[in-house]
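Values quoted throughout were computed directly from the atomic coordinates according to the rules given, and no laboratory measurement underlies them. Computed from a predicted model, the values in this text were never measured in an experiment. Cβ placement follows ideal geometry from the backbone for every residue including glycine, while neighbour counts extend to all protein chains displayed.
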Amino acid sequence: MNPFAFEARNISQYYGVVRALHHVSIGIRPGEVHAIIGENGAGKSTLMNIFCGKLRPTEGTLFRNEAQIVFHSPFDAQNVGIAIAPQEISLVPDLTVFENILLGAQRTKGIAINWTKTRKDAIDYLHAIDDTIDPESKVKDLSKAQQQLVQISRAAACNAKILILDEPTAALTYRETEKLYSYIRQFRQSGGAIFYISHRLDEVLDLSDRISVLRDGAFITELDPKSTTKEDMVNHMVGRTVTRTARQDRSAVLKSEIVLKVEGLSRPGEFSKISFELHKGEILGVSGLIGAGRTEMAKCLFGLTHKSEGCVELFGKPSDIRSPADAINQGLVYLPEERKQEGLFPLLSITENMAMPNLDRFRGLLHMRTSDMVRDVQAYVQSLKIKIGKQHDRITSLSGGNQQKVIIGRWLMKNSKILIMDEPTRGIDVNAKFEIQRELRRLTELGLSIIFISSEIEEVLDVSDGIMVLHEGVVKGICDTATATPEKLMQLAMS
Ligand SMILES: Nc1ncnc2c1ncn2[C@@H]1O[C@H](COP(=O)(O)OP(=O)(O)OP(=O)(O)O)[C@@H](O)[C@H]1O
Ligand SMILES: [Mg+2]
């Protein structure tokens with residue numbers, strides 16, 4: 001199959017009365033990486049679902065080399081060479097990598113399948129992206145990052161000439177991102193084209209040949225990555241000039257009482273002799289490369305695992321947290337990295353999803369105080385700027401990033417005193433990150449203390465008072481945000 005040009009003209013998409021896309025025209029040429037950027041809920045995934053045949057647009061037309069085409073299903077799109085690696089992992093966990101790749105590709109046309117060749121092809125596609133993944137392993141035994149790469153191989157294995165990658169690097173570590181980059185460059189070289197969606201704007205600048213901005217379902221402008229800046233991109237995405245929150249100075253917060261004191265905390269093979277203090281109203285950023293032991297430390301503090309050495313003091317008293325229930329009772333809550341697995345209830349509403357684990361709060365004498373529940377959820381919808389239709393709509397009607405914000409709201413609602421957040425803003429757009437940062441600041445002014453784990457150095461610098469850097473389970477330094485620089489943090493994280 002030869003490379004081809006593809007174009008969408010005048011696409012509109014309605015979900016009931018919600019207008020997700022409005023007269024969007026966008027195209028792609030062979031050998032180009034076309035990035036689509038926009039805030040959470042801007043319509044990126046919706047547009048891509050139309051391009052790959054998952055969704056029939058309410059209005060508008062698709063063209064392949066100037067000839068009109070209609071997709072009735074993803075198979076129609078695959079037949080002409082368009083395939084997607086969707087935003088959410090959609091592999092079958094109990095099947096092997098090989099079987100999953102095979103499921104995506106349609107090879108049953110014509111005579112009987114040549115299994116030997118099919119098998120070799122699938123493995124070739126996989127190994128072009130990552131040659132360390134075993135095609136025979138079950139998908140459920142792979143890391144999130146590996147699953148994401150398998151999902152991309154599956155799309156490529158449809159003999160795709162146009163690949164749609166919706167947030168492909170959200171779960172990737174540095175090493176896998178590099179692999180993916182080189183695959184993308186090679187794919188482009190061979191005449192393939194890629195629609196690339198990412199909230200990581202550096203990545204977009206690095207990889208793409210042109211950038212289209214969507215806002216509120218409309219096409220806003222096209223930018224040239226050679227001449228545009230991240231600020232430009234954000235301003236177009238948001239529709240106004242965005243100001244960052246000012247950097248904090250840790251000295252003020254160091255005067256307030258110590259709420260959590262950790263001394264010599266160790267768990268063999270995970271982390272060793274971690275010591276730090278968290279003050280009331282402080283946001284302590286935790287930086288480091290993937291595998292530095294940040295999540296392991298958080299899980300141990302929350303009672304999901306047990307320390308082998310060291311002591312923890314909560315609010316000035318020795319504490320022995322043996323389980324998450326203990327931790328929550330003592331005012332310490334952990335928002336884990338894997339939020340999807342941890343509990344999104346797809347059949348329930350936005351309100352129910354946010355309030356569900358907080359039901360005790362709304363228990364009246366005889367029945368639930370639902371109006372209080374609706375009011376409290378509404379407050380978080382507003383303060384986190386969650387883009388929703390109605391509160392009683394299903395959670396699945398929200399864009400990926402907005403679903404995440406609902407879950408962040410759920411944990412903020414717990415009224416804890418210490419909150420440990422593990423990569424809370426993954427997949428969340430830049431402006432929404434600022435909103436979340438502002439909300440966290442507001443909560444610290446009310447006395448909440450936060451441990452904020454993030455791999456994005458800029459974000460850690462923006463949000464925290466102090467920053468602890470871990471490397472291979474050991475604290476390499478605790479810096480004051482006012483004087484820290486990305487270079488210094490990176491150096492500590494790698495040393
Ligand atoms: N199945 C659905 N039912 C109702 N509304 C939907 C549905 N899917 C998406 N929407 C709405 O369409 C709009 C666009 O959503 P879309 O998923 O395309 O956004 P996005 O740009 O991909 O955002 P993100 O960066 O968060 O992934 C949002 O307002 C969303 O709430
Ligand atoms: Mg999306």
Q: Quick one: which residues, 5+ away or cross-chain, put their amide H under 5 Å from the amide H of V286? H built at 1.01 Å from N.
A: F452, I453, S454, M468
Q: Report ³J(HN,Hα) in whole Hz for each residue of segment 131-146, in order, from the Karplus equation J = 6.51 cos²θ - 1.76 cosθ + 1.60 where θ = phi - 60°; Gly and Pro get x.
A: 8, 9, 7, 7, x, 8, 6, 6, 4, 5, 8, 8, 6, 4, 4, 5
Q: Only Lys, Arg, Asp and Glu count, each charged at its Cβ (+1, +1, -1, -1), so figure out the dipole size of segment 261-375 about its Cα centre, rounded to 20 debye.
A: 220 debye
(Q) Which one, V262, M233, C300, is farthest towards the positive end of the dipole of segment 230-335 when Lys and Arg carry +1 and Asp and Glu -1 on their Cβ? (A) M233
Q | Rg [Å, one decimal], Dmax [Å, integer] - segment 407-495, C-alpha atoms | A | 13.4, 38
Q: Compute the acute angle (0 to 90°) between the alpha-carbon long axis of helix 115-129 and the principal axis of greatest extent of the alpha-carbon atoms of the chain; round to the nearest 10°.
A: 50 degrees
Q) To the nearest 10 degrees, how steep is helix 174-189 against the longest Cα principal axis of the chain, on a 0 to 90 scale? A) 20 degrees
Q | Per DSSP, loop GluC sites (Glu not before Pro) in segment 278-342 with at most 13 further Cβ within 10 Å | A | E338
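Within the set of other residues whose C-beta is less than 9 Å from the C-beta of P225, count the net charge using Lys and Arg as +1 and Asp and Glu as -1.
Overall, the nearby charge balance is -1.
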Q) Quick one: Karplus J couplings for segment 286-303, per residue in order, coefficients 6.51, -1.76, 1.60, θ = phi - 60°, nearest Hz, x for Gly and Pro? A) 10, 10, x, 6, 4, x, 7, x, 5, 5, 4, 4, 4, 4, 5, 4, 7, x
(Q) Apply the Karplus curve 6.51 cos²θ - 1.76 cosθ + 1.60, θ = phi - 60°, to the phi angles in segment 430-439 and return the couplings in whole Hz, x for Gly and Pro. (A) 4, 5, 4, 4, 4, 4, 5, 4, 4, 5
Q: Let me have the 222 nm mean residue ellipticity of the chain computed from DSSP H runs of 4+ only, each contributing -39500 (n - 2.57), with the sum over all residues rounded to the nearest 500.
A: -10000 deg cm²/dmol
Q: At q = 0.07, 0.08 Å⁻¹, work out log10 I(q)/I(0) for segment 6-238 with the Debye formula, treating every Cα as an identical point scatterer and leaving solvent out; two decimals please.
A: -0.22, -0.29
Q) For the Cα atoms of the chain, what angle does the longest principal axis make with the long axis of helix 400-412, in degrees from 0 to 90, nearest 10? A) 10 degrees
Q: Indicate, rounded to the nearest 5 percent, the antiparallel portion of the DSSP beta bridges found entirely in segment 6-238.
A: 55 percent
Q: Provide the gained length on full extension for the span Y174 to K226, in nm with one decimal, where the gain is 0.36 nm per separating residue minus the Cα-Cα distance.
A: 16.4 nm
**Q.** Calculated diffusion of segment 262-370, Stokes-Einstein form, Kirkwood radius summed over Cα pairs, 20 °C and 1.002 mPa s, µm²/s
**A.** 132 µm²/s
Q. Are there trypsin sites (Lys or Arg not before Pro) in segment 291-360 that DSSP marks as loop and that have at most 14 other Cβ atoms within 10 Å, and which are they?
A. R322
Q: Normalising by the residue count of the chain, find the relative contact order in percent from Cα pairs under 8 Å and 6+ residues apart.
A: 17 percent
Q. Too long at a 29 Å Cα-Cα cut-off: which of K307/K476; K273/K488; K44/K138; K179/K385; K255/K476?
A. K44/K138; K179/K385
Q) What span do the alpha-carbon atoms of segment 250-494 cover on each of the three principal axes, reported in whole Å from largest to smallest? A) 48, 37, 34
Q: Divide the volume of the convex hull of the Cα atoms of the chain by its number of residues and quote the answer in cubic angstrom per residue.
A: 162 Å³
